[in-house]
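The values are calculated or read from the model by the stated rules, or taken from the named source; none is laboratory data. This one's a predicted model, so the numbers in the text were calculated from it and none came from an experiment. All Cβ positions, even for glycine, are placed from backbone atoms using ideal geometry, and neighbour counts span all protein chains on display. Side chains included, ligands, DNA and RNA excluded: accessible areas come from the protein's heavy atoms. Shrake-Rupley method; radii C 1.70, N 1.55, O 1.52, S 1.80 Å.
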Amino acid sequence: EELLAESKALAHGLADLGIGPDDKIAVWLSNRPEWLKAQLAASYLGAAVVAVNTRYRTHELEYMMTNSSCSVLLTEEAFLGNQYLKMVADVVPEIETATPEEFAPDSVPSLEHVIALDSHDDFPAVRTYEDVQEPGRGRVDVSPATDAETPACVFYTSGTTSDPKGVL
């Protein structure tokens, strides 16, 4: 029950940011509850989750975000010694200079929002997970998307023989 309530709150928060059917939410997180909440929130909205490999390097992240046309990137500060937000800044330098409202990166034009689990003063354009989820708490009127043809996830192949391919 708590998982569903948290997922619905996140869905409301993402919807308030304009995320809805056919959007893609890139999730670059380690194995943690927020990953599952993002998957369920996306399914309520009719959006697809793009699973980002936790071992990606900057060039792989850039390729995946551009190729998938993701609207949102949900991430954490660091994992496995990789500084994810610094890597995002290498691809999308606007996270270091813009506000969340001004954010409009040239390098990944489809990207509208970057959300991190914690706040970071060095990256003012990044919204916190809690700031996105909080307005949706207590609002339980989310109905699951009903189009059976709507993709739920996009997984990328490893790209060992060529560029990675997104698979629905």
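Summary table below
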quantity	calculated
From 10, 14, residue being farther than 19 Å from residue 108 by Cβ, outside any loop (DSSP other than H, G, I, E, B) and touching a residue at least 12 places away in the same chain (Cβ under 8 Å)	10
Count of residues meeting criterion [in a loop (DSSP other than H, G, I, E, B) and out of contact with any strand residue (DSSP E or B) (no Cβ under 9 Å at 6 or more places or on another chain)] in the stretch 26-58	3
Check on residue 61, over 30 Å from residue 148 (Cβ atoms) and over 10 Å from the mean Cα position of the chain (by Cα)	yes
First in the stretch 27-48 and over 11 Å from residue 75 (Cα atoms), second anywhere and polar (S, T, N, Q) and open to solvent by 10 Å² or more (accessible area, probe 1.4 Å), Cβ under 6 Å, 6 or more apart	46/150
Number of the exception - residue 146 against (1) modelled with pLDDT of 95 or more; (2) β-branched (Val, Ile, Thr); (3) closer than 24 Å to residue 11 by Cβ	(1)
Residues (surrounded by 15 or more Cβ atoms within 10 Å (Cβ to Cβ) and part of a helix (DSSP H, G or I)) located in the stretch 59-71	60, 61, 62, 63, 64, 65, 66, 67, 68
Residue match in the stretch 74-83 (condition: over 24 Å from residue 15 (Cβ atoms), open to solvent by less than 30 Å² (accessible area, probe 1.4 Å) and either in a strand (DSSP E or B) or among the polar types (S, T, N, Q) (or both))	yes
Residue, surrounded by the most Cβ atoms within 10 Å (Cβ to Cβ), within the stretch 112-161, restricted to residues that are in contact with a Phe, Trp or Tyr (Cβ under 8 Å, 6 or more places away or on another chain), of a type in the set (A, V, I, L, M) and farther than 13 Å from residue 85 by Cα	142
Residue count for the stretch 16-75, restricted to those that are touching a Gly at 6+ places or on another chain (Cβ under 9 Å) and not β-branched (Val, Ile, Thr)	15
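Quick grid of which residues meet (1) at pLDDT below 95; (2) within 21 Å of residue 17 (Cα to Cα):
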site: 33; (1), (2): no, no
site: 36; (1), (2): no, yes
site: 44; (1), (2): yes, yes
site: 48; (1), (2): no, yes
site: 57; (1), (2): yes, no
site: 71; (1), (2): no, yes
site: 79; (1), (2): yes, no
site: 84; (1), (2): no, no
site: 95; (1), (2): no, yes
